[in-house]
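Asks: Have a look at the structure that comes next, please.
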Amino acid sequence: MKKSLFIALFAAILLGQSQADNLFQNNAREHISEGALVKWPSGSDAMHTMAVWSFDGNNRYDAQNTLFNSVVNGLRRAGRFEIVDRESLKYILNEQETVKYASSAKTIERIEQGRIKGAQYILFGYVNTASVEKTSSTNKDKTTYHYKAQTSLNIKIVNVETGEITTTTTLTEDASITISDSGGTREEAWNKVCGEIRSAIKEYIKNRFPMPVNIVNIESAKRGKVYEVLIDKGNGRSVAKRDEVIVYEIISMQLPGGKTRDREKEIANMVVKKVEGQDFSVCKVKKGGEDLFKRLKNGSPIKCRVYGKRDIIKIPKF
């Protein structure tokens, strides 16, 4: 099953995004999980690696390239991925020309074995819409003209090892700019909406790929309750004010038939109050301060994850 998924994955790469949707639909529908949490590489300082494939779809205003650059920029700002440069993907582009004229099992097998050099994930993008329209608004008999840019972008992230779709979403953004004697062009409006996409993908990735962190100090506690703690990540890994931090413990559950499963039970919910440079941030405990105090006092094993601003992009909790 995994092999067939992987072949479908690379066939999708070679045939393009629109045909990719058809290839994935039947073979990988059950693997799409909107709320799935991605296993982090060993060590909280490790980073995932991702390749971003050239976007397909609508190309008005050079949308494929400009949105590609915005997404790559947003990925880097999210602090979750090391982006594989296009030079590392050149050999796949060479294979692409071969597969156009040869569909032998040997060729597909070679791609499957080679996979993506250094990449654990591939991000595909398909531009649904790209538009800039001239609009107007009237207030107290004064008419103002604007350029309103809109775009809709399908994002799909695939696990290279398994061929499974890790997450998929559609980002839809708009932005307006006022036309005046001093400026206000279609290009400026389009660049502004690309900036919105960059911010949206940054928060989306931070939430879909929460990063492990450690509590290194209790900053404030009183009467058996923790109010503030210090964690070991700062703006060096894109931790920002208002990011959410979940503290949890792993409980081994005995299931019928002698099987066991690990359950992640939430202990406390925190929010980043202040970022102190590249390596540290102060978090305010919103819920679970008493339970957190007991576990820290007793030295009980706990784990923490930092997300993005989950009040902006709603992500199901584990």
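The values are calculated or read from the model by the stated rules, or taken from the named source; none is laboratory data. What you see is a predicted model; the values in this text were computed from it and never measured. For neighbour counting, all protein chains shown are included, and Cβ atoms are generated from backbone atoms with ideal geometry for every residue, glycine included.
Asks: Go over the candidates Ile122, Ile218 one by one and state the one that is touching a helix residue (DSSP H, G or I) at 6+ places or on another chain (Cβ under 8 Å), more than 30 Å from Asn269 (Cβ to Cβ) and part of a strand (DSSP E or B).
Replies: When all the criteria are applied, what remains is Ile122.
Asks: Suppose we filter the range 254-275 for residues that are without any contact (Cβ under 8 Å) to a residue 12 or more places away in the chain and in a strand (DSSP E or B); how many remain? Spell out how you get there, then give the answer.
Replies: From the range 254-275, those without any contact (Cβ under 8 Å) to a residue 12 or more places away in the chain are 254-261; that's our starting set.
Narrowing further to those that are in a strand (DSSP E or B): 254, 260-261.
Total meeting the criteria: 3.
Asks: Oh, and also: What is the number of the single condition among (1) of a type outside the set (Lys, Arg); (2) within 30 Å of Gly125 (Cα to Cα); (3) outside the structural domain of Ser176 (by TED's automatic domain parsing) that Ser199 does not meet?
Replies: Result: Ser199 passes all but (3).
Asks: Given the conditions (1) surrounded by 15 or more Cβ atoms within 10 Å (Cβ to Cβ); (2) part of a strand (DSSP E or B); (3) over 27 Å from the mean Cα position of the chain (by Cα), which single one is not true for Phe293?
Replies: Failed condition: (2).
Asks: Could you check the range 192-231 and list, in sequence order, the residues that are under 24 Å from His48 (Cα atoms) and of a type in the set (Lys, Arg)?
Replies: Across the range 192-231, the qualifying residues are Arg198, Lys202, Lys206, Arg208.
Asks: Taking the conditions exactly as written (in a loop (DSSP other than H, G, I, E, B), surrounded by 15 or more Cβ atoms within 10 Å (Cβ to Cβ) and basic (Lys, Arg)), does Lys284 satisfy them or not? Give the steps one after another, and end with the answer.
Replies: Details: in a loop (DSSP other than H, G, I, E, B): no; surrounded by 15 or more Cβ atoms within 10 Å (Cβ to Cβ): yes; basic (Lys, Arg): yes.
Here the answer is no, as Lys284 does not meet what is asked.
Asks: How many residues does the range 178-207 contain that are over 16 Å from Lys233 (Cβ atoms), within 11 Å of the chain's Cα centre (by Cα) and of a type in the set (Val, Ile, Thr)?
Replies: Result for the range 178-207: 1.
Asks: With Pro210, Pro301, Pro256 as the choices, which residue is within 24 Å of the chain's Cα centre (by Cα) and at pLDDT below 95? Explain how you work it out, then say what you get.
Replies: Working: Pro301 fails: within 24 Å of the chain's Cα centre (by Cα); Pro256 fails: within 24 Å of the chain's Cα centre (by Cα).
The match here is Pro210.
Asks: Among what's in the range 123-142 and is surrounded by 10 or more Cβ atoms within 10 Å (Cβ to Cβ) and more than 32 Å from the chain's Cα centre (by Cα), pick the residue that is farthest from Trp53 (Cα to Cα).
Replies: Quick first cut of the range 123-142, residues surrounded by 10 or more Cβ atoms within 10 Å (Cβ to Cβ) only: 123-135, 137.
Pick out the ones that are also more than 32 Å from the chain's Cα centre (by Cα) and you get 134-135, 137.
Values: Lys134: 32, Thr135: 34, Ser137: 40 Å.
Only one residue tops the list, namely Ser137.
Asks: Out of (1) surrounded by fewer than 13 Cβ atoms within 10 Å (Cβ to Cβ); (2) within 26 Å of Glu203 (Cβ to Cβ), the odd one out for Arg261 is which?
Replies: It fails just one condition, (2).
Asks: Moving to a separate point now. Could you tell me how many of the residues in the range 162-186 are out of contact with any strand residue (DSSP E or B) (no Cβ under 8 Å at 6 or more places or on another chain) and either in contact (Cβ under 8 Å) with a residue 24 or more places away in the chain or buried (at least 20 other Cβ atoms within 10 Å of the Cβ) (or both)?
Replies: 2
Asks: How many residues does the range 226-243 contain that are charged (D, E, K, R) and touching a helix residue (DSSP H, G or I) at 6+ places or on another chain (Cβ under 8 Å)? Break it down stepwise before answering.
Replies: Initial filter on the range 226-243 (charged (D, E, K, R)): 228, 232-233, 237, 241-243.
Retained after the next criterion (residues that are touching a helix residue (DSSP H, G or I) at 6+ places or on another chain (Cβ under 8 Å)): 243.
Total satisfying the criteria: 1.
Asks: Can we say Ile251 is in a strand (DSSP E or B), in contact with a helix residue (DSSP H, G or I) (Cβ under 7 Å, 6 or more places away or on another chain) and aliphatic (A, V, I, L, M)?
Replies: Judged against the criteria, Ile251 is not a match.
Asks: Of everything in the range 159-173 that's in contact with a helix residue (DSSP H, G or I) (Cβ under 6 Å, 6 or more places away or on another chain) and part of a strand (DSSP E or B), which residue is farthest from Lys142 (Cα to Cα)?
Replies: Of everything passing the filter in the range 159-173, Ile165 is farthest from Lys142 (Cα to Cα).
Asks: Here are the criteria: (1) under 23 Å from Phe81 (Cα atoms); (2) in contact with a strand residue (DSSP E or B) (Cβ under 6 Å, 6 or more places away or on another chain). Tell me which single one Glu276 does not satisfy.
Replies: (2)
Asks: Does Lys233 satisfy the condition of being surrounded by fewer than 16 Cβ atoms within 10 Å (Cβ to Cβ) and part of a loop (DSSP other than H, G, I, E, B)?
Replies: Numbers: surrounded by fewer than 16 Cβ atoms within 10 Å (Cβ to Cβ): no; part of a loop (DSSP other than H, G, I, E, B): yes.
Taking the combined requirement at face value, the residue does not satisfy it.
Asks: Right, another one. Quick check on Lys233: is it under 11 Å from Val275 (Cβ atoms) and either touching an Asp or Glu at 6+ places or on another chain (Cβ under 6 Å) or not aliphatic (A, V, I, L, M) (or both)?
Replies: Details: under 11 Å from Val275 (Cβ atoms): yes; either touching an Asp or Glu at 6+ places or on another chain (Cβ under 6 Å) or not aliphatic (A, V, I, L, M) (or both): yes.
Against the criterion (under 11 Å from Val275 (Cβ atoms) and either touching an Asp or Glu at 6+ places or on another chain (Cβ under 6 Å) or not aliphatic (A, V, I, L, M) (or both)), Lys233 qualifies.
Asks: Quick one: how many residues across the range 133-158 are without any contact (Cβ under 8 Å) to a residue 24 or more places away in the chain and part of a strand (DSSP E or B)? Before the answer, list the steps.
Replies: Of all residues in the range 133-158, those without any contact (Cβ under 8 Å) to a residue 24 or more places away in the chain come to 133, 136-143.
Still in the list and also part of a strand (DSSP E or B): 133, 136-139, 142-143.
Residues meeting the conditions: 7.
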